[in-house]
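To start, the structure itself, in structure tokens.
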Amino acid sequence: MNKRKIPFLFFVFGVIQCMIRTMFIGAIGLVCALLGLIMRNRLSQAGIVISIFWLLISILDEIRICHTIKTTSDNPQVNEIFDKLFGEEQVMKKTLDEAAERIIKGEKKDEK
């Protein structure tokens, strides 16, 4: 394995992206939970279990993606890209940090 570090913010954005991709499971869970609360039956518990399952699927999928990024590939071009983004240079972390600073300061991309 290389010394590639995945920024935490990258992981969080990945989990959110996975949740958006599997929104159908989440919608079923939320509908079941709401119907269970309205009708006062065990459907709310099923909805909560489905929603937790949805969150766990998203987290496990992102862990799998991060593991793929950290492992060495047979393709040298893929290794070069991942080493540049997540290796010693940490281009991805610098980009995320700059974006977070701009959001906090309220700057637009074109302004400097």
### Query
Which three lengths, in whole Å and largest first, does the stretch 1-85 cover when its Cα atoms are put on their principal axes?
57, 22, 17
### Query
How far is helix 91-105 tilted, in degrees, relative to the longest principal axis of the Cα atoms in the chain, given as a value from 0 to 90 rounded to the nearest 10?
70 degrees
### Message
Restricting to Cα pairs below 8 Å that are 6+ residues apart, what does the relative contact order work out to for the stretch 21-112? Please round to a whole percent.
### Response
16 percent
#### Entry: Net lengthening on full extension, Val78/Lys5 (0.36 nm per residue, minus Cα-Cα)
24.7 nm
## Note on the structure
In degrees rounded to 10, the 0-90 angle between helix 43-70 Cα long axis and the longest Cα principal axis of the chain is 10 degrees
### Query
Cα axis of helix 23-39 to longest principal axis of the chain: angle in degrees, 0 to 90, nearest 10?
30 degrees
### Query
In the stretch 1-105, how many lysine pairs have Cα atoms under 20 Å apart, counting only pairs 8 or more places apart or on different chains?
15
### Task
At 1.4 Å probe size, with every protein chain present, just tell me what the per residue accessible area of the chain comes to in Å².
77 Å²
### Task
Roll a 1.4 angstrom probe over the protein heavy atoms and tell me the percent of accessible area of the chain that is carbon or sulfur.
66 percent
### the chain, helix-only ellipticity at 222 nm - DSSP H runs n ≥ 4, -39,500 (n - 2.57), divided by all residues, nearest 500
-25500 deg cm²/dmol
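The values are calculated or read from the model by the stated rules, or taken from the named source; none is laboratory data. Everything numeric in this text was worked out from a predicted model, so none of it was measured. Heavy atoms of the whole protein, side chains included, go into the accessibility calculation; ligands, DNA and RNA do not. Shrake-Rupley method; radii C 1.70, N 1.55, O 1.52, S 1.80 Å.
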